[in-house]
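> Take this structure first; my questions come after.
The values are calculated or read from the model by the stated rules, or taken from the named source; none is laboratory data. Bear in mind the structure is a predicted one, so any value in this text is a computation, not a measurement. For neighbour counting, all protein chains shown are included, and Cβ atoms are generated from backbone atoms with ideal geometry for every residue, glycine included.
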Amino acid sequence: MTRIAGLSASELSSESAAAPAGSSESRGAAAPGEELQVEYSSVARTFNGPLGSFVAVTDIDLQIRTGEFVCIIGPSGCGKSTLLNMAAGLLTPSEGEVSYSGKRVREINTDVGYVTQKDSLLPWRTVERNVALPLELHKVRKPERRRRVSEMLRRVGLEKFADHYPSQLSGGMRQRAMLAQTWVYEPHTLLMDEPFGALDALLRTQLQEDLLEMWERDRKTILFVTHDLEEAILMADRVVVFGAAPGRILHVESVDFDRPRNLMELRSTPEFVDMWKRLWHLLETQIDASGAQ
């Protein structure tokens, strides 16, 4: 399920009728006095079905600081997306508590934007009207709506494609349009579930750079799920390594490379390679364990 800047599926349906680089932290705690945007406290989530219960995540203690870029990585089926869904208010924890800006999440969280790799653009709307959709549903006045949409299309490099339909765009352009659609409503937090996972390497690198440029400018809080360890290290302030199901935090790595980052140059530095090797060793054991289950 894809949320667009706090919009629920029911709303959309109406339209269709810091440590040094390389250091580690044993827990995902913020330093004393830092403002928190998202906090998971002793969180577990169990799903019940006809074949019995399944523990998706357990013993999750993680604090996301305001303006921080945090990547979560782990084997398939370890509950990474479940963590995002609880922050969005789409799921409730079976145990523990999820807080947002100091308040317990008890319902749909309209202060977050949710981006996935699944194409959520409406095919009968132009790029401009797709990006404007959240503003329309939230009754933003037309002059302000036009101004914000125009500015956002310029920022993602789609101003010349405003009148195009999704079917006329490349995969990278559609992903930019979805990012613009989420960002235009100005949520304080972005939840991103493998948004670039379906793209080829060249497009993925370009969109990583685009996202980091936008984040550097606005410093929104980003919680970003990925299967790509290189992507996680390149983009994040911290990398949270999840273990195989039931999902749990094995390790939190602080990534203190200088910002803004030159992604091409950073890949070849000894510090990057050392961190990649160390984290891959952790992940490799979990991937093996996941395959054995």
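> Name the one entry in G113, G102 that is of a type in the set (G, A, S) and touching a strand residue (DSSP E or B) at 6+ places or on another chain (Cβ under 6 Å).
Working: G102 fails: touching a strand residue (DSSP E or B) at 6+ places or on another chain (Cβ under 6 Å).
Answer to the check: G113.
> Let me ask something else. For the range 1-116, list the strands (runs of 3 or more DSSP E) that sit wholly inside it and hold at least 3 residues that are modelled with pLDDT of 95 or more; which are they?
36-49, 52-65, 69-73, 95-100
> Run R238 past the list (1) over 15 Å from the mean Cα position of the chain (by Cα); (2) of a type in the set (K, R); (3) modelled with pLDDT of 95 or more and report the number of the one that doesn't hold.
Evaluating R238 over (1) over 15 Å from the mean Cα position of the chain (by Cα); (2) of a type in the set (K, R); (3) modelled with pLDDT of 95 or more leaves (1) as the failure.
> Hey, can you tell me all the residues within the range 124-163 that are of a type outside the set (D, E, K, R), assigned to a loop (DSSP other than H, G, I, E, B) and at pLDDT below 95?
Scanning the range 124-163 gives H138, V140, V156, G157, L158.
> If I filter the range 177-195 down to residues being part of a loop (DSSP other than H, G, I, E, B) and touching an Asp or Glu at 6+ places or on another chain (Cβ under 7 Å), which single residue comes out as modelled with the highest pLDDT?
Let us first name the residues in the range 177-195 that are part of a loop (DSSP other than H, G, I, E, B), namely 184-188, 194-195.
So of that shortlist, the ones also touching an Asp or Glu at 6+ places or on another chain (Cβ under 7 Å) come out as 187-188.
Working: P187: 91, H188: 94.
Checking each candidate, the answer is H188.
> Among the residues of the range 214-239 satisfying the criterion of being touching a helix residue (DSSP H, G or I) at 6+ places or on another chain (Cβ under 9 Å) and β-branched (V, I, T), which is farthest from A177 (Cα to Cα)?
Only one residue fits best here, namely V239.
> Looking at (1) buried (at least 16 other Cβ atoms within 10 Å of the Cβ); (2) more than 25 Å from the chain's Cα centre (by Cα), can you tell me which one R146 breaks?
(1)
> So which residues in the range 45-56 are hydrophobic (A, V, I, L, M, F, W, C) and in contact with a Pro (Cβ under 6 Å, 6 or more places away or on another chain), if there are any at all?
V55
> Look through the range 241-292, keep the residues that are touching a Pro at 6+ places or on another chain (Cβ under 7 Å) and closer than 25 Å to T82 by Cβ, and return whichever of them is modelled with the lowest pLDDT.
S290
> Let me ask something else. State all residues of the range 103-143 that are over 19 Å from the mean Cα position of the chain (by Cα), crowded, with 20+ Cβ neighbours inside 10 Å and within 24 Å of M86 (Cα to Cα); if no residue qualifies, say none.
Within the range 103-143, none qualify.
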